[in-house]
1. Could you please let me know if ARG126 is farther than 18 Å from ALA157 by Cβ, surrounded by 14 or more Cβ atoms within 10 Å (Cβ to Cβ) and either free of Cβ contacts under 8 Å to residues at least 60 places away in the same chain or in contact with a strand residue (DSSP E or B) (Cβ under 7 Å, 6 or more places away or on another chain) (or both)?
2. Out of all the residues in the range 135-161, which are outside any helix (DSSP H, G or I) and under 15 Å from the mean Cα position of the chain (by Cα)?
3. Specify the residue that is surrounded by the most Cβ atoms within 10 Å (Cβ to Cβ); the eligible residues are those in the range 77-103 that are in contact with an Asp or Glu (Cβ under 7 Å, 6 or more places away or on another chain) and in a helix (DSSP H, G or I).
4. Can you name the number of the only condition in (1) more than 22 Å from ALA181 (Cα to Cα); (2) touching a residue at least 24 places away in the same chain (Cβ under 8 Å); (3) not in a helix (DSSP H, G or I) that ALA132 fails?
5. So, ALA73, is that one modelled with pLDDT under 85, within 17 Å of the chain's Cα centre (by Cα) and either buried (at least 18 other Cβ atoms within 10 Å of the Cβ) or over 21 Å from GLY135 (Cα atoms) (or both) or not?
6. Please count how many residues of the range 34-67 are farther than 21 Å from ALA123 by Cβ and basic (Lys, Arg).
7. With the structure loaded, tell me whether ALA167 is touching a His at 6+ places or on another chain (Cβ under 8 Å), touching a residue at least 12 places away in the same chain (Cβ under 8 Å) and more than 30 Å from PHE59 (Cα to Cα) or whether it fails that test.
Amino acid sequence: MSTGKDLGRRGRGPTDPARRKKIADAAIAVVAERGVEGVTHRAVAAAAGVPLGSTTYHFATLDDLLAVALQRAAEDNIARLREWERDLSPDADLATELADLVVRGLTEERAETVVEYELYVAALHRPPLRRASTGWDDALVELFASRTDAVTGRLLAAAFCGLVMQALLADPPPTLTEIEAIFRRALGDRPGDH
C-alpha cells in the first residue's frame, strides 16, 4: 500500500524524465551563454535549478551531457529546416530562399545557430558528439537534394554550413546579395542569369 508521501515522490527525483530534459535544455542554455568550455555539471545544475547530483545521475560525463545537448540542438535545427522546406513552393527560387535561411540563422535564430555550431565544432575533439553532428549533415544533404540532386544537395549543404560559420565570424557579415550569389553559382547559375 502506498502512502501519500510515496505518491508525492513518484515522478520526481533522479528517475523523473522531465528532469533529464530540463538538464539537457539547461546545457544548451549554458552553451549559448558561455560556449562549450563553460559547460560543467555545476553550471548546468545551476541553470536547470536542480541539485548537482541530478546532473551526474542522468549524465555521468560531460561528453554524455554535450552529446544529448547536440542531439537536441540538431533535432531542433532539422525540424526548423523541414518546416522551411515544407513551406517552400515547388517553383521557389532556391538560391534566394537559401540566402534568406542563412540570414535568418544569423539574425532572428542567432542564439540557436551559435549553439549548434559550438556543439558541432566540439565534435571534432569529442567522438561521442560525432553521431549527432553527422546526423545534422545528413539531414541537410537529404533536404537540399530533394530540391536538386544528390551531388548538388551535398554541395549546398557544405556551402550552407560554411557560409553560416563564416558569417557568424565576419565583421561585417556578408550581405544577402553576396550570399545569394554564392548559392546561385553552386546551383549552376552564371552571372546575369537572374
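1. Values: farther than 18 Å from ALA157 by Cβ: yes; surrounded by 14 or more Cβ atoms within 10 Å (Cβ to Cβ): yes; either free of Cβ contacts under 8 Å to residues at least 60 places away in the same chain or in contact with a strand residue (DSSP E or B) (Cβ under 7 Å, 6 or more places away or on another chain) (or both): no.
No; evaluated as a whole, the condition is false for this residue.
2. Narrowing the range 135-161 to residues outside any helix (DSSP H, G or I): 146-149.
Across the range 135-161, there are no qualifying residues.
3. Applying the first criterion (in contact with an Asp or Glu (Cβ under 7 Å, 6 or more places away or on another chain)) to the range 77-103 yields 77, 88, 95-96, 99.
Then drop every residue that is not in a helix (DSSP H, G or I), which leaves 77, 95-96, 99.
Values: ASN77: 20, ALA95: 21, THR96: 15, ALA99: 24.
So the residue we want is ALA99.
4. (3)
5. On the way: modelled with pLDDT under 85: yes; within 17 Å of the chain's Cα centre (by Cα): yes; either buried (at least 18 other Cβ atoms within 10 Å of the Cβ) or over 21 Å from GLY135 (Cα atoms) (or both): yes.
Considered against the rule, which asks whether it is modelled with pLDDT under 85, within 17 Å of the chain's Cα centre (by Cα) and either buried (at least 18 other Cβ atoms within 10 Å of the Cβ) or over 21 Å from GLY135 (Cα atoms) (or both), ALA73 comes out as yes.
6. Final tally of qualifying residues: 1.
7. On the way: touching a His at 6+ places or on another chain (Cβ under 8 Å): no; touching a residue at least 12 places away in the same chain (Cβ under 8 Å): yes; more than 30 Å from PHE59 (Cα to Cα): yes.
Against the criterion (touching a His at 6+ places or on another chain (Cβ under 8 Å), touching a residue at least 12 places away in the same chain (Cβ under 8 Å) and more than 30 Å from PHE59 (Cα to Cα)), ALA167 does not qualify.
For (1) within 20 Å of the chain's Cα centre (by Cα); (2) modelled with pLDDT of 90 or more, each residue gets a yes or a no:
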| site | (1), (2) |
| --- | --- |
| THR15 | no, no |
| ALA29 | yes, yes |
| VAL39 | yes, yes |
| ALA43 | no, yes |
| ALA48 | yes, yes |
| LEU52 | no, yes |
| LEU62 | yes, no |
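The values are calculated or read from the model by the stated rules, or taken from the named source; none is laboratory data. Predicted model, so just to flag it, every value in this text is computed and none were measured. Backbone-built Cβ (ideal geometry, glycine too); neighbour counts: all protein chains shown.
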